[in-house]
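Rule-based calculations on the coordinates, nothing more; no lab input. In this text the structure is predicted, and so the values were computed from the model without any measurement. When we count neighbours, we look across all protein chains shown, and the Cβ atoms used for this are built from the backbone with ideal geometry, even at glycine.
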Amino acid sequence: MKKNKLYIAAAIAALSLIGCDDFLDTESYTKAVTISFPKTDGDVEMMLTGCYAIMNQNMNGKTEEVPFFIFDIASDDRLGGGSTSNRGAQSADRLIKRDNIWMQETWRYRYSGIFRANTILHYADRVEWSSIENKNKLLGQAYFLRAFYYLNLAQLFGEVPLVLDINPQNLPKSPASELYAQIASDLATAIELLPATKYSNEGGCTHASKWAAEALMARVFLFYTGYYNKSDLPTAEGSSITKQQVISWLEDCINNSGHALLPDQRSLWPYTYENTAKNYKYMDGVSARWATDNNEEVVFALGFGNYSASDAYCNRMIEWYDLRKTSKAEQCFPFVPEGYSNGPVNRGLWDDWANDPDYAGDYRREGSICDRKVEMPDYQGDASKEVEASFLFAKKYAGTGAIAPDGSIYTSYSVFFGGENHNHKGLTQNIIFIRFADVLLMHSELTETPDGMNKVRARAKLPALNYSLENIIKERRYELCFEAVRWNDLRRWHRVDEIMKSQVGQEIGNRKYTDKYTDFSGDLSFMTRYQITGGFLMIPEAQIILSNGVLLQNKGWDEGEGDWSKLPYSTL
């Protein structure tokens, strides 16, 4: 689990070397790389580090804009929560506008990552490669990252400019079909170039692999064909990728990657760390122990570090999810780092899970969700600020403490791995983008067979089920809750309307008052907003202005539309 400080230092060096590369800001493009850089494999590796580091930068800028956070909060299984000042979470939950600069940081960082990938690919022919194998491995990662960043943009905004050149350009939106065609071609190239090296603990999971590219291709195929009602996925070359091709890639990942399910799903989450679990009452009688951030189930993840000179590379997103007022750590152990209480769990998920006979005895329910009133009855929270409080807390991405040798409580378990005992810098848990359970579930869905689904259920000690889309929908909801896949699943299944109603009428705490959740923001319900916007967010106003009208705003986000001030809780 130990985090590499040198890796983080290299990331900072790469950032300063490559320079400021904001999309459309034509004055900020650096020309330094065009003189003599890159020349060697090492130069390209440094550039790739900067390309990966964009995700860390985004995570620690406007955290409420991070794609993972947006997709997680937007689903039916979390509410916005926080306080009346946490506008980003509530905006994502309700498809309303936080302010005119909302999503500016994510737009900037994602296009910055694309620019860096484009730069690597543009200068690849002049690099003196040490071997063809190393060349393929490094370029394969650049193709993967460009596809990954474009997928984020396409799922957030719908249609965006497609930039494949390093020269400044002022481009209009490209149709979704062109965006997904480029994403598909980049991933197909990455699959071809990246080596078929089996997973190992030494290699880790924070760099793109052939297996990650195969799994991401399946996710792209399912979303594009589902949301846009298509049968195949187009490519930039004018051909298409079929369902059977995607199935064959998933089967390659399943059979040859070395990835596998952990024996117990709870071992993925830090609350099972041994110096935490032995004092966490829920873990009494549970043998599962934390498998560390790098384990065989994780196919692709974002890593964080213990670079103690700054908290710029810790996982600040978890802080947004963490409980408020945790100064009496013994009352809420092990979830002791103080945060902003965003993303309370929708009680509909808790109740649906308990009442479904196909999930009787499923340990994942209490392994994923903390009932605050049962697990921490003495913890009072912060009733003066919390809104949309359901008193259910998601455990997967939650700041986690541990017991010190003297019996006192460390704010962060990461202190045992070279981290700091700090509620910011101690947040080093990786964010998992793809794990093997998802690979198995996607394979079941595409093949319409139960094998992969039932392997996931068997791990949860549940009996096998026959294949049906309804069973897949339920299994994905419970296995992958709070992992930022549910929202885009609902969109591609065209189930947003019927499913999102589960939030309405749920009893919640709004500061000191008992209330019920409403999906109205001003005069418009959530579903009306969804039908207008298609579930896509506003393009940052600064980009619209900077383009001199070339870039057009998405539907439903013009001046006065989707205003946060119309939120029912905005005046509390």
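How large is ³J(HN,Hα), in whole Hz, for each residue of region 248-264 in order, when computed from phi with the Karplus curve 6.51 cos²θ - 1.76 cosθ + 1.60 and θ = phi - 60°, using x for Gly and Pro?
Running phi through 6.51 cos²θ - 1.76 cosθ + 1.60 with θ = phi - 60° gives 5, 5, 4, 5, 4, 4, 5, 8, 10, 7, x, 6, 7, 6, 5, x, 9 Hz.
Compute the label zone of Ser384 within region 320-343: residues whose backbone N is under 17 Å from the point 7 Å along Cα-to-Cβ.
The answer is 324-328, 339-341, whose backbone nitrogens lie closer than 17 Å to the label point.
Could you give the length gained by full extension between Asp451 and Ala404, i.e. 0.36 nm per residue of separation minus their alpha carbon distance, to one decimal place?
Taking Asp451 through Ala404 to full extension adds about 12.6 nm, to one decimal.
Cut-off under 16 Å on the C-alpha distance; same-chain residues fewer than 8 positions from Lys455 excluded. Which lysines are left, in chain and number order?
Lys474
List the GluC sites (Glu not before Pro) in region 132-221 that DSSP assigns to loop (not H, G, I, E or B) and whose Cβ has at most 11 other Cβ atoms within 10 Å. Which are they?
In loop regions of region 132-221 (DSSP not H, G, I, E or B), the sparsely surrounded GluC sites (Glu not before Pro) are Glu202.
Would you please state the base-10 log of I(q)/I(0) at q = 0.14, 0.19, 0.20 1/Å for region 425-564, with intensities from the Debye formula using one equal scatterer on every alpha carbon?
Scattering profile of region 425-564, log10 relative to I(0): -0.93, -1.12, -1.15.
So which of Lys396/Lys516; Lys97/Lys395; Lys373/Lys396; Lys516/Lys555; Lys328/Lys373 end up more than 20 Å apart by C-alpha?
Check vs 20 Å cut-off fails for Lys396/Lys516; Lys97/Lys395; Lys516/Lys555.
Need the full-extension length gain, Ser240 to Asp125, defined as separation in residues times 0.36 nm minus the C-alpha distance. One decimal, nm.
Fully extending the segment from Ser240 to Asp125 adds 38.6 nm.
For a quick check: with amide H placed at 1.01 Å from N, whose amide H comes under 5 Å from Ile508's, ignoring anything fewer than 5 positions away on the same chain?
Hits under the 5 Å cutoff: Asp515, Lys516, Tyr517.
Determine the distance separating the Cα centre of region 63-99 from the Cα centre of region 244-288; give it in Å without decimals.
Result: 28 Å between the Cα centres.
Tell me, which longest segment in the chain has none of the trypsin sites (Lys or Arg not before Pro) that fall in DSSP loops with at most 16 further Cβ atoms within 10 Å?
My reading of the result: 40-197 is the longest stretch.
Can you give me the long-range amide H partners of Ala394? Hydrogens built in the peptide plane at 1.01 Å from N, cutoff under 5 Å, separation of 5 or more residues or another chain.
Distant-sequence amide H within range of Ala394: Val345, Cys370.
Given the convex hull of the Cα atoms of region 139-248, what is a quarter of its surface area in nm²?
7.6
Would you list which lysines come within 27 Å of Lys135, measuring only between C-alpha atoms, while excluding same-chain residues fewer than 8 positions from it?
Answer for Lys135, where 27 Å is the Cα cut-off: Lys3, Lys5, Lys31, Lys39, Lys198, Lys210, listed by chain and number.
Explain nothing, just the number: relative contact order of the chain, from Cα pairs under 8 Å at least 6 residues apart, as a whole percent.
Relative contact order comes out at 19 percent.
Looking at (1) 31.0, 122; (2) 29.0, 97; (3) 22.7, 66, which value of Rg and Dmax of the Cα atoms in Å comes from a calculation on the structure shown?
So the structure-derived entry is (3).
Normalised by the number of residues in region 501-555, what is the relative contact order in percent for Cα pairs under 8 Å and 6+ residues apart?
Reported as a whole number, the value is 21 percent.
Calculate the spin-label point distance for Lys555 paired with Asp358, positioning each point 7 Å from the Cα along the beta-carbon direction, and give it in nanometres.
Distance between label points: 3.3 nm.
Applying the Karplus parametrisation 6.51 cos²θ - 1.76 cosθ + 1.60 with θ = phi - 60° to the phi angles of region 36-52, what ³J(HN,Hα) value in whole Hz is obtained for each residue in order, glycine and proline being reported as x?
Using θ = phi - 60°, the values come out as 9, 10, x, 10, 10, 4, x, 4, 5, 4, 5, 5, 5, 4, x, 5, 5 Hz.
For Asp293, Asp284, Asp77, what ranking results if the residue with the fewest other Cβ atoms within 10 Å of its Cβ goes first?
Ranked by crowding around the Cβ, least crowded first: Asp284, Asp293, Asp77.
Amide H of Arg435 versus every other amide H placed in the peptide plane: which residues, excluding those fewer than 5 positions away on the same chain, fall under 5 Å?
Distant-sequence amide H within range of Arg435: Val299.
Please tell me the relative contact order of region 453-572 in percent, rounded to the nearest whole number, where contacts are Cα pairs under 8 Å and at least six residues apart.
That works out to 15 percent.
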